[in-house]
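Q: Please find one structure pasted underneath; my questions will follow.
Derivation of every value follows stated rules applied to the coordinates shown; laboratory data play no part. Just so you know, these numbers come straight off a predicted model, no measurement behind them. Virtual Cβ from ideal backbone geometry, glycine too; neighbours counted across all protein chains shown.
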Amino acid sequence: MRVFKYYTRTNVNYMVEVFAVASGKGGTGKTTSTLALGMALATEYDVTVIDTDTGMANMLFHTGLSDTETTLHEVLGGQAAVDEAIYERFGMDVIPCGTSLAGFREADPTRLREVVATVAGGTDVILLDSAATLGTRSAVLPIVLADRIVIVLQPTVPSISDGLKVQEYAKTYGTDVAGVLFNRVTEDENIDTVATKAQRYFDGQTLAKVPESEKVRAARRASKPLLAHAAESAAAAAYREAAGELTVRDADSTAVADRFRNAVIPDES
Amino acid sequence: MNLPQGELIRRRVLEDAGTVLRTAFERELTGFARLESQDTLLLDADGVGVLTFEDGIPVAAYHTGTDAAGTEAVTDIGSTGPYRLELYELDGEITEQIHGDERLRVPPALPAQQLSGETELVDQIRERAPETWQETASDTSLDAVEQFLDDEQKVEAIRDHARTEAQSRADEWNFPTDQT
């Protein structure tokens, strides 16, 4: 545990923006993308990444935190304070989520807004790694809470189709789209044409086209984010490019914290 | 595409059509998968996607709701999950007749590329597929994606449906929306 920055940064208006990294479908590389964008943004901003996929958490495996006892589950279950679940890793503050079924059962997803509100006081950028489904209330909640979403797509029909659904959900809940990120792109795919055609339907911009890479799997095996394990890879460069395209909007952190605390979401699910 | 019933070997509801391809490939199935969309508001309510296999390799595709065949049928299957899946085994002689119809044929790896995005499965199918099959249709993997993106009506239908669904869930889940 460490001294929580929230208590040291209360008298100045800091900017903070909350992004949900989302895709309606699994396997698109959301966690890899969240951590890669986080690390790239961390060269300029104070970044906090939160694994909000409470049912299928995996960020802890990507960040060497698999033995961690206190995670978002415990915070959402009311057994730990937020600062107890924050870990400084790879230049970011990481809030992993546990993988136990008991932890999932005891977690109250609506407490997430309080977590985000608390963290908002001491960071510039919050990235929420979202669940790969739109089927439950807790899976959609990060998209509702975020200012903007980054949609991670594979260049396949089901993935793009699900990405369109995510976008419409976000817009319905008043969340903007920062852009789309094509991931796991293979060499034989005419990705430029696809990206151009897809751009007609998606808000925001095409942030990057990240090539499929063995380095991504190797990073996962090494329990490290891609940018820590293979910083010189083409995939890492593409993520840095994507982060460069994301202009973080200024917002008063106190106002943001208040917004989350006052979000019109009842506590009973 | 007229298919006899065949022997049912699997029936389940699944989110990802890629699972069908993986199962058929691993079982080296000769037969077909019947993928019935659970989303009756999209396309035709009776729309059923059919993918046929020979020794686990995808050969032909058809969609009963849109009457699309071949690559286009794969696109229609891809945009309408989750599915109720039924996997059937058929006598090789029967599938041979269907597979003679060039209109229905798809490049062997295309359904895996489009429906699963699993590069490992795509490579495995390519490796196992007979060379002559690879030549029967142009193996441009993104054709189906481009066709999908060119079909504005279909894309708009998906967006409209998602908006309606998001709004109705907002009411159900008590989420604030731009409209409330």
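Q: Sort B:Trp173, B:Trp133 by Cβ crowding within 10 Å, fewest neighbours at the top.
A: On the way: B:Trp173 16, B:Trp133 19.
Starting with the residue having the fewest Cβ neighbours, the order is B:Trp173, B:Trp133.
Q: Now a separate question. In deg cm²/dmol and to the nearest 500, what is the mean residue ellipticity at 222 nm of chain B if only DSSP H runs of at least 4 residues count, each as -39500 (n - 2.57), divided by the residue total?
A: Roughly -12500 deg cm²/dmol at 222 nm, from the helical runs in chain B.
Q: Given charges of +1 on the Cβ of Lys and Arg and -1 on the Cβ of Asp and Glu, with all other atoms neutral, how large is the dipole of chain B about its Cα centre, in debye to the nearest 20? Kindly include the intermediate steps, with their values, before the conclusion.
A: Working: 15 positive and 39 negative charges, 98 e Å.
Using only the charged Cβ atoms, the result is roughly 480 debye.
Q: Return P(r) of the protein assembly as shown (all Cα-Cα pairs; 20 Å bins starting at 0; whole %; ordered from short to long distances).
A: Values per bin, smallest distances first: 26, 54, 19, 1.
Q: Turning to a different aspect of this structure: Give the Cα extents of the stretch A:15-256 along the principal axes, in whole Å, largest first.
A: 50, 39, 34
Q: Hey, what does the equivalent ellipsoid look like for chain B, semi-axes from the Cα gyration tensor as sqrt of 5 times each eigenvalue, largest first, whole Å? Don't skip to the answer; put the middle values down first.
A: On the way: eigenvalues 189, 60, 45 Å².
Gyration-tensor ellipsoid for chain B: 31, 17, 15 Å.
Q: Within a 10 angstrom radius of the beta carbon, how do B:Val48, A:Val152, A:Val140 rank from fewest other beta carbons to most? Numbers along the way, then the final one.
A: Details: B:Val48 17, A:Val152 31, A:Val140 26.
Lowest to highest Cβ neighbour count: B:Val48, A:Val140, A:Val152.
Q: Using a 10 angstrom cutoff on alpha carbons, build the Gaussian network for chain A and name the most mobile of A:Gly91, A:Gly122, A:Gly135.
A: Per the Cα network of chain A with a 10 Å cutoff, A:Gly135 tops the list.
Q: Roughly how crowded by other chains is peptide A:196-208, in terms of the mean Cβ count from those chains within 10 Å of each of its Cβ atoms?
A: Working: counts 1, 8, 5, 1, 4, 6, 0, 0, 0, 0, 0, 0, 0.
The shielding value for this peptide is 2.
Q: OK, next. Based on Cα coordinates alone, diagonalise the gyration tensor for the stretch A:109-196, multiply each eigenvalue by 5, take square roots, and list the semi-axes in whole Å, largest first. Could the numbers behind the result be given before it?
A: Details: eigenvalues 150, 42, 24 Å².
They are 27, 15, 11 Å, listed largest first.
Q: Under unit Cβ charges (Lys, Arg +1; Asp, Glu -1), what dipole magnitude, rounded to 20 debye, does the protein assembly as shown have relative to its Cα centre?
A: Details: 41 positive and 75 negative charges, 286 e Å.
Dipole about the Cα centre, nearest 20: 1380 debye.
Q: Could you put B:Ile158, B:Ile94 in order, starting from the residue whose Cβ has the fewest other Cβ atoms within 10 Å?
A: Sorted ascending by nearby Cβ count, the order is B:Ile94, B:Ile158.
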